[in-house]
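Chemist: Please see the structure below; I have some questions.
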Ligand SMILES: Cc1cc2nc3c(=O)[nH]c(=O)nc-3n(C[C@H](O)[C@H](O)[C@H](O)COP(=O)(O)OP(=O)(O)OC[C@H]3O[C@@H](n4cnc5c(N)ncnc54)[C@H](O)[C@@H]3O)c2cc1C
């Protein structure tokens, strides 16, 4: 039996289902909460304004691209957030000679970009996300070589069904020496990276080329009228205005703050999940393992041994959904995102049953939030009605894999006026302001079948 509820397997299932049933099969799918509460009120009242402004901004785009191309490092580019999206953008901007200022509230990789799994899959995209997967998978390989990322490696992916072991279970993975009902090869071409190492090395490389890192909380964006639209003049950090000509909001779940800064809907849910890490003194044979739902524990474990000897485990179930209203009030900064002891206990028991060799009490317990827009697609592009304003956030369960392509694409958009490495149209920040948008097309269920926690 294949796993059916883990977040990444859900995407695999959807891709396969779309291929066999065609997109019409998805009409009428149950939707995730979309825009809720005060966000809903704001988005309805602002829809026509934003749509009109989007047209004006598109008309100005060609002029702006020319202006941007000749801009060099004169106009300051400010990146808000030193997670992987901010770090990758800073890195690719410095490759083009631009020296951005990166503003981070706590520390580099303070949130999911330091505590996520780091699993990378080349071929798991669907018709919309395929290129994000394939281009970024390749960029990871290049970055690993350039930045000497020690945690990067290729590894095969196994699918495991939890349950009582039978004599028919093949001996594919020696450290799964406890109870498992079935085990199969799922994808021979996976890869992994420790996100903390990648994020730190991207920032270090950017700083070595002249980028600056400022520790402080971004509180707002200053604009002034520029013809028929607004343009960015600065960002407010800890109460002080820092001059800026361009600003990119890379705040993960806290990108919800941009809704008030730009007066447009930026719907976002923070999916808060715990994870556990074991430290093995001996090397652990490299397999990424995706487990099916285990109803005894409420888990759907994802297990990633790293070449450091760490064994990282997420997919421990019972995630908490933190809505955009809370995030916009500044609640739950990274250091306040704490693990759920009940879920840690369940995951520990489940894993210890599957692996007598590695199980027991974990060495690290932690938690972080996945940034999840209502359609589960990232928000990447220009803010339609504010010249010089951009968003790159909401990368959901693929923000480590997609960081390089997102950083490269956003650097191209900011400097050239358009991205050439990938088509950003599906990810436009303006899509939530358009009625009948594709944002309403996905949900957490496909018919009656649950398709993962993030939907
Ligand atoms: C348990 C778990 C496992 C995951 N596993 C994988 C995986 O295997 N593969 C994969 O591809 N993806 C995975 N992901 C998803 C991935 O980790 C995220 O999508 C990605 O890290 C998000 O990066 P980000 O830069 O957009 O946001 P974040 O990492 O959230 O960074 C945002 C930054 O903004 C800062 N910030 C917040 N507010 C302010 C402010 N007001 N001013 C200044 N700075 C501020 C924060 O401190 C933080 O450093 C996982 C996620 C989770 C939760």
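Chemist: Where Rh denotes the Kirkwood radius from the mean inverse Cα pair distance, what is Rg over Rh for the stretch 83-196?
Modeler: Radius of gyration over Kirkwood radius for the stretch 83-196 works out to 1.09.
Chemist: Can you put 147, 413, 213, 202 in order of Cβ neighbours within 10 angstrom, beginning with the fewest?
Modeler: 147, 213, 413, 202
Chemist: Using only alpha carbon pairs under 8 Å that are at least six residues apart, calculate the relative contact order of the stretch 223-313 and give it in whole percent. Show your work: numbers first, answer last.
Modeler: Values: 112 pairs, mean separation 15.4, N = 91.
Dividing the mean separation by the residue count of the stretch 223-313 yields 17 percent.
Chemist: Run the Debye formula on the Cα coordinates of the stretch 203-342, all scatterers equal and no solvent, and tell me log10 I(q)/I(0) at q = 0.19, 0.21, 0.22 1/Å.
Modeler: Each listed q maps to, in turn, -1.15, -1.24, -1.29.
Chemist: Using a Förster radius of 30 Å, what is the FRET efficiency between residue 146 and residue 418 based on their Cβ-Cβ separation? Nearest 0.05, please.
Modeler: It comes out at approximately 0.75.
Chemist: What is the Cα coordinate range of the stretch 289-419 on the first, second and third principal axes, sorted by size from largest, in whole angstrom?
Modeler: Projected onto the principal axes, the Cα atoms of the stretch 289-419 cover 56, 34, 25 Å.
Chemist: Right, another one. Over the C-alpha atoms of the stretch 180-220, what are the Rg and the largest Cα-to-Cα span, Dmax, in Å?
Modeler: Taking only Cα atoms of the stretch 180-220, I get Rg and Dmax of 18.9, 54 Å.
Chemist: Moving to a separate point now. So for 175, 398, fewest C-beta neighbours within 10 Å to most, what's the order?
Modeler: With the fewest neighbours first, 175, 398 line up as 175, 398.
Chemist: Once the Cβ-Cβ distance between residue 226 and residue 349 is put in as r, and R0 is 35 Å, what FRET efficiency do you end up with, to the nearest 0.05?
Modeler: 0.05
Chemist: What is the stretch 101-260's relative contact order, in percent, from Cα pairs under 8 angstrom and six or more apart in sequence?
Modeler: For the stretch 101-260, the relative contact order is 26 percent.
Chemist: Oh, and also: For a bin width of 5 Å, list the pair-distance distribution of the stretch 185-280 built from all Cα-Cα distances, rounded to whole %.
Modeler: Distribution as computed: 2, 9, 13, 17, 16, 15, 11, 7, 5, 3, 1, 0, 0 percent.
Chemist: Additional query: After finding the eigenvalues of the alpha carbon gyration tensor for the stretch 268-341, what semi-axes result from the square roots of 5 times each, listed largest first in whole Å?
Modeler: Gyration-tensor ellipsoid for the stretch 268-341: 28, 16, 10 Å.
Chemist: How do 400, 128 line up, fewest other C-beta atoms within 10 Å first?
Modeler: With the sparsest Cβ surroundings first, the list reads 128, 400.
Chemist: Send over the Kirkwood Rh of the stretch 342-427, from the inverse of the averaged 1/r over different Cα pairs, rounded to one decimal Å.
Modeler: Hydrodynamic radius (Kirkwood, Cα pairs) of the stretch 342-427 is 15.8 Å.
Chemist: Percent relative contact order of the stretch 233-274, based on C-alpha pairs within less than 8 angstrom and at least six residues apart?
Modeler: Reported relative contact order: 23 percent.
Any read-out appearing in this document is the output of simple, stated calculations on the displayed coordinates, not a laboratory observation. Note that the structure is a prediction, hence the values are computed from the model and not measured. Using ideal geometry, Cβ is built from the backbone for each residue, glycine included, and neighbour counts are taken over all protein chains shown.
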